[in-house]
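Peer 1: Before we start, here is the structure in question, set down as structure tokens.
The values are calculated or read from the model by the stated rules, or taken from the named source; none is laboratory data. Small disclaimer: the values here were computed from a predicted structure and weren't measured. For neighbour counting, all protein chains shown are included, and Cβ atoms are generated from backbone atoms with ideal geometry for every residue, glycine included. Accessible surface is based on the protein model in full, side chains and every heavy atom, while ligands, DNA and RNA are left aside. Shrake-Rupley method; radii C 1.70, N 1.55, O 1.52, S 1.80 Å.
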Amino acid sequence: EQHVREAYGPFLRVIGERGFFPIALHLSGPLLEWLEAHGASYLDLVGRLVADGHVELLSSGFDEPILAALPRDDRVEQVGRMREAIRRRFGVEANGLWLTERVWEPGLAADLASAGVRFALVDDRHFLVSGLARERLHRPFWTEADGRALALLAIDERLRYLVPFQPPADTVQY
């Protein structure tokens, strides 16, 4: 309740006022269930922003599992449950996926694609240690497993630490 009141709600209101759209937003399954019981006004705000095209909702495993640690059928079921919860509450398809704890392994591509995911967010480190230059990371990279393709988008590490820990002006400047 405190996070909704002091962080989540003010965050969406401020970025709305300042026009920092579009953004991608992830809600975990347990958080979504809690919000449905206790935070309807926040979900209504999210719903309006989604309907207006300002927010794209990201899927995940419903219970926030480390997907790479689950068997294939469980991975697909977890992601399917979350996509269905988003569809039911917001009336949209969540085509992107937030990986819990950002844990990636190449075999996930087939299972995520089977669950209806078109892209996943992964740490930029995966690309940088492979020899790609940072300047090239602002586009999708395609991977596949078992003949099923999935786009990967790099999460900028510097931006990930600027947003919650530095003044907003530093984020805007970056």
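Every residue, every condition in (1) acidic (D, E); (2) open to solvent by less than 80 Å² (accessible area, probe 1.4 Å); (3) over 22 Å from E1 (Cα atoms), yes or no:
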position: R18; (1), (2), (3): no, no, yes
position: P22; (1), (2), (3): no, no, yes
position: L35; (1), (2), (3): no, yes, no
position: L45; (1), (2), (3): no, yes, no
position: R48; (1), (2), (3): no, no, no
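Peer 1: To continue, here is another question. Can you work out which of the residues in the range 50-71 that are open to solvent by 70 Å² or more (accessible area, probe 1.4 Å) and at pLDDT 95 or above is farthest from R13 (Cα to Cα)?
Peer 2: P71
Peer 1: Related question: I need the helices (runs of 4 or more DSSP H) fully contained in the range 1-87, keeping only those with at least 1 residues that are more than 14 Å from the chain's Cα centre (by Cα) and hydroxyl-bearing (S, T, Y).
Peer 2: Hits in the range 1-87: 40-51.
Peer 1: Follow-up. Please go through the range 66-101 and give me each residue that is farther than 13 Å from L112 by Cα, touching a Phe, Trp or Tyr at 6+ places or on another chain (Cβ under 8 Å) and basic (K, R), ordered by number.
Peer 2: None - no residue of the range 66-101 is farther than 13 Å from L112 by Cα, touching a Phe, Trp or Tyr at 6+ places or on another chain (Cβ under 8 Å) and basic (K, R), so the list stays empty.
Peer 1: Do you know which residues across the range 107-127 are loosely packed, with under 15 Cβ neighbours inside 10 Å and part of a helix (DSSP H, G or I)?
Peer 2: R125, the sole residue that qualifies.
Peer 1: Does G131 satisfy the condition of being assigned to a loop (DSSP other than H, G, I, E, B) and free of Cβ contacts under 8 Å to residues at least 12 places away in the same chain?
Peer 2: Judged against the criteria, G131 is a match.
Peer 1: Further question on the same structure: Among W104, W98, which is the only one that is within 22 Å of I155 (Cβ to Cβ), open to solvent by 30 Å² or more (accessible area, probe 1.4 Å) and touching a residue at least 60 places away in the same chain (Cβ under 8 Å)?
Peer 2: Answer to the check: W98.
Peer 1: Turning to a different aspect of this structure: Within the range 118-170, which residues are within 25 Å of G80 (Cβ to Cβ) and of a type in the set (K, R)?
Peer 2: Result: R118, R148.
Peer 1: Next question. Return yes or no: is G29 modelled with pLDDT of 95 or more and surrounded by 18 or more Cβ atoms within 10 Å (Cβ to Cβ)?
Peer 2: Yes, satisfied.
Peer 1: Taking the condition of being open to solvent by less than 90 Å² (accessible area, probe 1.4 Å) and within 22 Å of L112 (Cβ to Cβ), how many residues in the range 131-143 meet it?
Peer 2: Residues flagged as open to solvent by less than 90 Å² (accessible area, probe 1.4 Å) and within 22 Å of L112 (Cβ to Cβ) within the range 131-143 amount to 5.
Peer 1: Which one of D170, D146 is surrounded by 11 or more Cβ atoms within 10 Å (Cβ to Cβ) and without any contact (Cβ under 8 Å) to a residue 12 or more places away in the chain?
Peer 2: D170
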